[in-house]
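J.: What follows is a single structure, and I will ask about it in a moment.
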Amino acid sequence: ESLGKSGDSAGVGVDHELISSVPSHNPTFVERNFTANEISYCQSQPNPSASFAARWAGKEAIFKSLGVASKGAAAAMRDIEILPDEAGVPQVRLHGSAKEAADSKKIAKVQVSLSHSETMAVAFAQATY
Amino acid sequence: ESLGKSGDSAGVGVDHELISSVPSHNPTFVERNFTANEISYCQSQPNPSASFAARWAGKEAIFKSLGVASKGAAAAMRDIEILPDEAGVPQVRLHGSAKEAADSKKIAKVQVSLSHSETMAVAFAQATY
Amino acid sequence: ESLGKSGDSAGVGVDHELISSVPSHNPTFVERNFTANEISYCQSQPNPSASFAARWAGKEAIFKSLGVASKGAAAAMRDIEILPDEAGVPQVRLHGSAKEAADSKKIAKVQVSLSHSETMAVAFAQATY
């Protein structure tokens, strides 16, 4: 498969999670998987567990959009950071191994959208060259 | 952030709603948020409340894909119109403030897809330059 | 509507299904709607009914992304094949009527992502010129 040109879709990702299935009350889970800025942001929201779950689904969706091999236990989901800009639109920043994976595939940008209801979180991601 | 070229993704949006949480039995809610053509269409469907909920999720997803600041109570969701073409594919037309927001960001097109089950509606939107 | 240039989004599709609503225990349903390779793959997974349901949602989402008229009973969902590549990323191959529909619209590529939880499957598809 040839690489796409700049702006072409490199991959898409979708994920959904029951909010109750994301252990955001567990500090070890939270510190292993979220950056300090993500933790501050989620804890400032009206429903922190919903915000953590939506962000978790977002990280999974972004991971899928990068099209890299199954992550396994060592994958650092903390290397995928999702924070709102001034307009509240979630922006993606990749660090460490996630950034290396994106760079190796010439992925220049990842966009994400998050949604949560009382019980569920859904996320969608698109990676572009 | 530089603007993308024509055809590039400007933003994505996802939303999901419990059908029971969208008050489509409330005429004030319906008339405030849906156009006359949308209301006719939804009322002609086998399950009007599911159709209204899917369209509502679609409007939220489109709003997110435009990447504009949090809407607040004054936002006219009626300015985002979703109607099927001859093939049944939902087409997006923006009016008023939604059109102004899209124009100001050089967004030329918005695509949307809707899905509903017995209890839930899910929608995805993509805005492109 | 003019056709987009190579790489532009031709359409998007989203679908979700309750896993319990997809009759993957019914051999007639399975053989009518899945290819031999899809059946082998799903049956090799830890939760075959979840894998069949996610793939079914994927086929529906892909169908929507092609933007063709409502399929009716004769549509061969088996003409839409979703199989993982070496990295586990789902790849789409179109056959028969699905391939004809894509070709007639100058759709060159379809990307899909699948997600399942205990009870639900969600899929997203994007068709590009």
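Quick note: the coordinates plus some simple rules give every number you see, no bench work behind them. It should be emphasised that the depicted structure is a prediction, and the values quoted were computed from it without experimental measurement. Methodologically, a virtual Cβ is constructed for each residue, glycine included, from the backbone with ideal geometry; neighbour enumeration extends over all protein chains shown.
J.: Report, as an integer, the average count of C-beta atoms from other chains found within 10 Å of each Cβ along B:78-87. Present the calculation step by step, with values, prior to reporting the outcome.
T.: Details: counts 0, 0, 0, 0, 0, 0, 1, 3, 1, 5.
Mean partner shielding for this stretch: 1.
J.: Taking a ≥ b ≥ c as the square roots of the Cα gyration tensor eigenvalues, with a/c under 1.5 meaning rounded and otherwise prolate when a/b beats b/c, else oblate, which class fits the range C:17-64?
T.: Rounded is the answer for the range C:17-64, as its axis ratio a/c remains below 1.5.
J.: I would also like to ask the following. Using a label point 7 angstrom from Cα along Cα-to-C-beta, what distances in nm, from shortest up, separate B:Q91 from the other copies?
T.: 3.6, 3.6
J.: Can you flag which of C:K64/C:K109; A:K64/B:K64; A:K59/A:K99; A:K5/C:K109; B:K105/C:K5 are past 18 Å Cα-Cα? Spell out each step's value before the answer.
T.: Working: C:K64/C:K109 14 Å; A:K64/B:K64 21 Å; A:K59/A:K99 13 Å; A:K5/C:K109 14 Å; B:K105/C:K5 21 Å.
Going by Cα-Cα distance, A:K64/B:K64; B:K105/C:K5 fall outside the 18 Å limit.
J.: Mind checking A:107-113 for the average number of partner chain beta-carbons within 10 Å of each residue's beta-carbon? Don't skip to the end; give the middle numbers.
T.: Details: counts 0, 0, 4, 0, 9, 2, 12.
Mean partner-chain Cβ count within 10 Å for A:107-113: 4.
J.: Kindly state, to the nearest 0.05, the FRET efficiency for A:S20 paired with C:S21, given R0 = 22 Å and r defined as their beta-carbon distance.
T.: Numbers: r = 22 Å, r/R0 = 0.99.
The formula returns an efficiency of 0.50 here.
J.: Copy-to-copy spacing for C:D103, label 7 Å out on the Cα-to-C-beta vector, in nm, shortest first?
T.: 4.3, 4.3
J.: Additional query: Just how far, in whole angstrom, is the range B:89-129 from the range C:57-129 if you go by their alpha carbon centroids?
T.: Cα centroid to Cα centroid, the span is 21 Å.
J.: Treating the point 7 Å from Cα along Cα-beta-carbon as the label, what are the nm separations from A:A76 to the other copies, to one decimal?
T.: From this label point to the equivalent ones elsewhere in the assembly: 4.9, 5.0 nm.
J.: Please give the calculated 222 nm ellipticity per residue for chain C, where each DSSP H segment of at least 4 residues contributes -39500 (n - 2.57) and the sum is spread over every residue; nearest 500 deg cm²/dmol?
T.: On the way: 4 runs with 43 residues, N = 129.
So the helix-based figure for chain C works out to -10000 deg cm²/dmol.
J.: What residue among A:S49, A:A10, A:Q91 has its Cα farthest toward the positive end of the dipole of chain A, where the charges are +1 on Lys, Arg and -1 on Asp, Glu, each on the Cβ?
T.: The residue sitting most towards the positive pole is A:A10.
J.: Please report, in whole Å³, the volume per residue of the convex hull around the C-alpha atoms of chain A. Please list the in-between numbers first.
T.: Details: hull volume 13.6 nm³, N = 129.
That works out to 106 Å³ per residue.
J.: Can you give me the angle between helix C:48-66 and the longest principal axis of chain C, using Cα atoms only, in degrees from 0 to 90, rounded to the nearest 10?
T.: 10
J.: Cβ under 10 Å from B:R78's Cβ, B:R78 left aside: what net charge do those residues give with Lys, Arg +1 and Asp, Glu -1?
T.: Details: positive: B:R32, B:K59; negative: B:E31, B:E38, B:D79, B:E81.
Residues close to B:R78 contribute a combined charge of -2.
J.: Let me see the pair-distance distribution of the range C:72-129: every alpha carbon pair, 10 Å bin width, integer percents in order.
T.: So the P(r) values, bin by bin, are 20, 47, 29, 4.
J.: Please rank B:I39, B:I82, B:I19, fewest neighbouring Cβ atoms within 10 Å first, as an exposure proxy. Show your work: numbers first, answer last.
T.: Details: B:I39 18, B:I82 25, B:I19 21.
With the sparsest Cβ surroundings first, the list reads B:I39, B:I19, B:I82.
J.: Average partner chain C-beta neighbours within 10 Å, per residue of C:89-101? Provide the component values of the computation, followed by the final result.
T.: Working: counts 9, 3, 2, 0, 0, 0, 0, 0, 0, 0, 0, 0, 0.
That average works out to 1.
J.: Along its principal axes, what span do the Cα atoms of the protein assembly as shown show, with the longest given first and each in whole Å?
T.: Rounded to whole Å, the extents work out to 53, 50, 40 Å.
J.: Quick one: 3J(HN,Hα) in Hz for the range B:98-115, Karplus 6.51/-1.76/1.60 with θ = phi - 60°, rounded, Gly and Pro as x.
T.: With the stated coefficients, the range B:98-115 comes to 5, 5, 4, 4, 5, 4, 5, 9, 6, 7, 9, 8, 10, 10, 9, 9, 10, 9 Hz.
J.: Could you tell me the calculated FRET efficiency between B:A76 and B:E118, based on Cβ-Cβ distance and R0 = 25 angstrom, to the nearest 0.05? All intermediate terms of the calculation are to be shown ahead of the outcome.
T.: On the way: r = 30 Å, r/R0 = 1.21.
Result of the calculation: an efficiency of 0.25.
J.: Related question: How many nm is it between the label spots at C:L83 and B:Q45, if each spot is 7 Å from the Cα in line with the beta carbon?
T.: Each label point lies 7 Å from its Cα, and together they span 3.6 nm.
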